[in-house]
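Here is the structure we will look at.
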Amino acid sequence: MDRRTRLTVYYVVLVVGVLSGFVVLYNYGMATWEGRPQPLYRSIEAVVQTVTTVGYGGDAPWSSPQMNYLVSLMSLSGLVLIFAALPVLVVPLFEDAFTSSAPTSVRDVDEHVVLCDYGPREEVLIDELTERGVEYVVVDADRESANDLYTAGYTVMFGDPESDAALRRARLEHADTLIANVDDETNPSVLLSARAVSPDVRTVSLADDPDTADYHRYAGADHVLSPKQILGEQLAAKAVGTFDPEATEAVEIDEHFDIAEFPLQSGSELIGQTIDESDVTERTGAAVIGVWVRGTFRSPPPLDTRFDARSVLVATGGEAELDRLKEMTRSEGRRRRGDVVIAGMGVVGRAVTAALSNDRYQYTTIDLAAGSTVDVVGDATERPVLREAGIDDAGTVVLALSDDTTAIFATFVIRELNPRIEIIAQANEHENVSKLYRAGADYVLSLSAVNGRMLASIVLGEEILSSGTQLKLVRTTVPGAVGDSLADADIRNRTGCTVVAAERAGSVVTNPGASFVIEPGDELVVAGTDENISRFQTEFV
């Protein structure tokens with residue numbers, strides 16, 4: 001029982017008690033002090049008239065002083081009760097009347113996605129669903145949060161996702177997918193309720209801790225995703241790639257054609273040159289299809305784009321070609337093993353250390369709490385702590401912190417202590433990616449983007465090739481452009497996306513030219529930001 005309900009109950013009990021006491025006294029007084037006995041209902045009428053200040057009934061005037069005192073007391077009590085009702089009943093009623101409240105059920109939705117809880121992860125997925133015209137319902141157990149979402153225009157209902165009744169009110173029996181993303185302990189309970197309400201609904205559960213994934217499967221999850229684990233592995237791959245060109249991580253389009261991202265390291269020979277001046281394509285054979293500049297993706301990059309230490313190249317080509325490009329992006333001073341500092345030993349940090357351990361790289365860990373895997377206990381934003389971890393001589397630091405504000409501040413401090421260090425960072429919220437770049441990070445990967453892509457690949461049936469990169473790659477048919485050449489479709493100008501390959505009858509055409517005509521059954525491999533890919537899907541798919 002919440003505070004408002006308790007106050008209402010207390011007020012009602014008080015009113016009933018006071019009125020009952022006055023009725024008994026009034027009935028007794030009329031018989032004893034006034035000598036005018038009357039039925040109890042007449043006394044009830046007189047008391048109600050007096051307390052509500054609408055009149056004094058047909059009994060007035062009274063001759064005895066006792067009855068006059070009693071009636072005066074009843075009148076004053078009536079005023080007190082009326083004023084007491086204002087904050088308890090009247091004001092809340094007006095507030096409710098003028099405040100948008102989330103409903104407790106939904107109607108007229110079918111084949112929708114039921115999202116149990118809401119956060120930055122769901123925000124990316126909701127954007128994807130909205131772009132495709134797929135309906136969704138957020139089930140939020142927090143009244144205030146649900147009201148805020150409802151006011152902001154989201155399809156949301158107030159209810160406990162662990163409740164069978166709430167899931168029925170969300171029309172789970174008519175839904176396509178349920179996504180459980182409350183927490184690792186609550187999600188299995190949500191899944192059990194979902195199975196009880198709709199045994200055939202597709203269920204997806206998110207497990208922050210990969211060790212709990214089996215329990216989600218036991219509870220009936222069709223898919224269990226661990227985005228933090230994947231994010232940690234991707235960050236570790238970037239850290240390893242700093243020292244080992246053979247460890248360049250690429251998305252394989254076919255046996256002889258890959259696409260990869262290359263952060264420019266301080267000291268790279270490309271820094272300060274434009275694309276035209278560097279002759280990257282002629283010297284390596286790799287085609288640069290885009291450049292990230294402090295969180296902004298430009299594709300195709302203008303030839304006068306000047307590389308700096310925060311640039312990230314996106315290129316396509318064969319393995320040997322991409323290796324040659326990787327060599328050009330690296331600093332001579334970092335071509336050695338070891339010297340990795342990892343700040344934050346949560347799920348992401350542990351995944352980074354596990355990946356580095358498998359590749360036998362040396363590293364030093366920092367965390368606020370002591371533990372068997374923590375080398376330096378302290379705040380990663382403090383200079384003495386960072387120096388104790390060897391930041392002055394390290395080649396790479398991985399910021400796997402749970403708070404983006406702390407990560408941004410730590411980036412400033414680390415960049416001051418070691419201007420040449422490679423800073424690879426986790427962004428918990430997508431909008432903070434650009435802030436981390438501006439603070440001085442070399443490579444930033446968004447947890448919410450990774451999570452949203454993984455969910456979209458399941459819910460929407462998309463083949464997303466790059467859940468763990470800044471760039472989104474999808475392989476899809478394009479019914480909206482069949483019969484058009486790439487020049488006529490004008491995909492790049494209309495959506496900001498780049499067609500990097502086309503698959504036709506089992507063979508792959510890499511970097512198709514403007515004259516390439518899209519035929520029925522062709523699958524295009526398209527690269528772009530999440531927003532641009534959503535625009536592409538809307539325009540052509």
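The values are calculated or read from the model by the stated rules, or taken from the named source; none is laboratory data. In this text the structure is predicted, and so the values were computed from the model without any measurement. Every residue, glycine as well, gets a Cβ built from its backbone with ideal geometry; the counts of neighbours run over all protein chains shown. For accessibility, only protein heavy atoms count, side chains too; no ligands or nucleic acids. Shrake-Rupley method; radii C 1.70, N 1.55, O 1.52, S 1.80 Å.
Just to be sure, is Ile342 of a type in the set (A, V, I, L, M, F, W, C) and more than 21 Å from Ile230 (Cβ to Cβ)?
No.
Is one or more of the residues making up segment 502-522 closer than 21 Å to Val312 by Cβ and among the small types (Gly, Ala, Ser)? Explain how you work it out, then say what you get.
Our first condition is that a residue be closer than 21 Å to Val312 by Cβ; within segment 502-522, this holds for 511.
Retained after the next criterion (residues that are among the small types (Gly, Ala, Ser)): none.
The answer is no, given that none of the residues of segment 502-522 is closer than 21 Å to Val312 by Cβ and among the small types (Gly, Ala, Ser).
Based on this model, can you work out whether Val251 counts as of a type outside the set (S, T, N, Q), modelled with pLDDT under 85 and open to solvent by less than 30 Å² (accessible area, probe 1.4 Å)?
Numbers: of a type outside the set (S, T, N, Q): yes; modelled with pLDDT under 85: yes; open to solvent by less than 30 Å² (accessible area, probe 1.4 Å): yes.
It is true that Val251 is of a type outside the set (S, T, N, Q), modelled with pLDDT under 85 and open to solvent by less than 30 Å² (accessible area, probe 1.4 Å).
Confirm whether Arg202 is surrounded by fewer than 23 Cβ atoms within 10 Å (Cβ to Cβ), on the phi > 0 side of the Ramachandran plot and of a type outside the set (Ser, Thr, Tyr).
It is false that Arg202 is surrounded by fewer than 23 Cβ atoms within 10 Å (Cβ to Cβ), on the phi > 0 side of the Ramachandran plot and of a type outside the set (Ser, Thr, Tyr).
I need the full set of residues from segment 488-507 which are over 19 Å from Val288 (Cα atoms), open to solvent by 40 Å² or more (accessible area, probe 1.4 Å) and either part of a helix (DSSP H, G or I) or touching a strand residue (DSSP E or B) at 6+ places or on another chain (Cβ under 7 Å) (or both), in order please.
Asp488, Arg494, Glu503
Run down Thr373, Thr396 and say which single residue is under 24 Å from Gln265 (Cβ atoms), more than 22 Å from the chain's Cα centre (by Cα) and polar (S, T, N, Q). Steps first, please.
Working: Thr373 fails: under 24 Å from Gln265 (Cβ atoms).
Being under 24 Å from Gln265 (Cβ atoms), more than 22 Å from the chain's Cα centre (by Cα) and polar (S, T, N, Q) holds for just one of Thr373, Thr396, which is Thr396.
Any residue in segment 167-177 that is open to solvent by less than 30 Å² (accessible area, probe 1.4 Å), touching a His at 6+ places or on another chain (Cβ under 9 Å) and not aliphatic (A, V, I, L, M)? Spell out how you get there, then give the answer.
As a first pass, look at segment 167-177 and keep what is open to solvent by less than 30 Å² (accessible area, probe 1.4 Å): 167, 170, 172, 175, 177.
Then keep just the ones that are touching a His at 6+ places or on another chain (Cβ under 9 Å); that gives 170, 175, 177.
Subset that is not aliphatic (A, V, I, L, M): 177.
Yes, some residue in segment 167-177 is open to solvent by less than 30 Å² (accessible area, probe 1.4 Å), touching a His at 6+ places or on another chain (Cβ under 9 Å) and not aliphatic (A, V, I, L, M).
Conditions (1) open to solvent by less than 60 Å² (accessible area, probe 1.4 Å); (2) at pLDDT below 95, marked per residue:
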residue: Thr130; (1), (2): no, yes
residue: Asp142; (1), (2): no, yes
residue: Tyr150; (1), (2): no, yes
residue: Pro188; (1), (2): yes, no
residue: Leu192; (1), (2): no, no
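Which condition breaks for Tyr154 when tested against (1) part of a loop (DSSP other than H, G, I, E, B); (2) farther than 11 Å from Val137 by Cβ?
Tyr154 satisfies every listed condition except (2).
Looking only at residues that are assigned to a helix (DSSP H, G or I) and in contact (Cβ under 8 Å) with a residue 60 or more places away in the chain in segment 395-434, which one is farthest from Val312 (Cα to Cα)? Reasoning before the result, please.
Taking segment 395-434 as the starting set, the residues that turn out to be assigned to a helix (DSSP H, G or I) are 404-417, 430-434.
Next cut, in contact (Cβ under 8 Å) with a residue 60 or more places away in the chain only: 410, 430, 433-434.
Details: Ala410: 21, His430: 17, Val433: 13, Ser434: 13 Å.
This residue is Ala410.
Right, Ala370: at pLDDT 90 or above and either acidic (Asp, Glu) or farther than 20 Å from Gln229 by Cβ (or both) or not? Even if it seems obvious, please write down each step before you answer.
On the way: at pLDDT 90 or above: yes; either acidic (Asp, Glu) or farther than 20 Å from Gln229 by Cβ (or both): yes.
So Ala370 passes the test.
Could you list, in sequence order, all residues of segment 346-361 that are within 14 Å of Leu231 (Cα to Cα), open to solvent by less than 20 Å² (accessible area, probe 1.4 Å) and either in a loop (DSSP other than H, G, I, E, B) or hydroxyl-bearing (Ser, Thr, Tyr) (or both)?
Of everything in segment 346-361, just one residue is within 14 Å of Leu231 (Cα to Cα), open to solvent by less than 20 Å² (accessible area, probe 1.4 Å) and either in a loop (DSSP other than H, G, I, E, B) or hydroxyl-bearing (Ser, Thr, Tyr) (or both), namely Thr353.
Quick one: is Gly528 within 24 Å of the chain's Cα centre (by Cα) and either surrounded by 19 or more Cβ atoms within 10 Å (Cβ to Cβ) or among the small types (Gly, Ala, Ser) (or both)? Working first, answer last.
Numbers: within 24 Å of the chain's Cα centre (by Cα): yes; either surrounded by 19 or more Cβ atoms within 10 Å (Cβ to Cβ) or among the small types (Gly, Ala, Ser) (or both): yes.
So Gly528 passes the test.
Assigned to a strand (DSSP E or B) and either surrounded by 21 or more Cβ atoms within 10 Å (Cβ to Cβ) or touching a residue at least 12 places away in the same chain (Cβ under 8 Å) (or both): is that true of Asp276 in this structure?
Working: assigned to a strand (DSSP E or B): no; either surrounded by 21 or more Cβ atoms within 10 Å (Cβ to Cβ) or touching a residue at least 12 places away in the same chain (Cβ under 8 Å) (or both): yes.
No; evaluated as a whole, the condition is false for this residue.
Mind listing whichever residues of segment 302-318 are open to solvent by less than 20 Å² (accessible area, probe 1.4 Å) and either touching a helix residue (DSSP H, G or I) at 6+ places or on another chain (Cβ under 6 Å) or without any contact (Cβ under 8 Å) to a residue 60 or more places away in the chain (or both)?
Result: Thr305, Phe307, Ser311, Leu313, Ala315.
Considering Arg535, Arg438, which residue is touching a helix residue (DSSP H, G or I) at 6+ places or on another chain (Cβ under 6 Å), assigned to a helix (DSSP H, G or I), under 30 Å from Asp308 (Cα atoms) and open to solvent by 60 Å² or more (accessible area, probe 1.4 Å)?
Details: Arg438 fails: touching a helix residue (DSSP H, G or I) at 6+ places or on another chain (Cβ under 6 Å).
Going through Arg535, Arg438 in turn, the sole match is Arg535.
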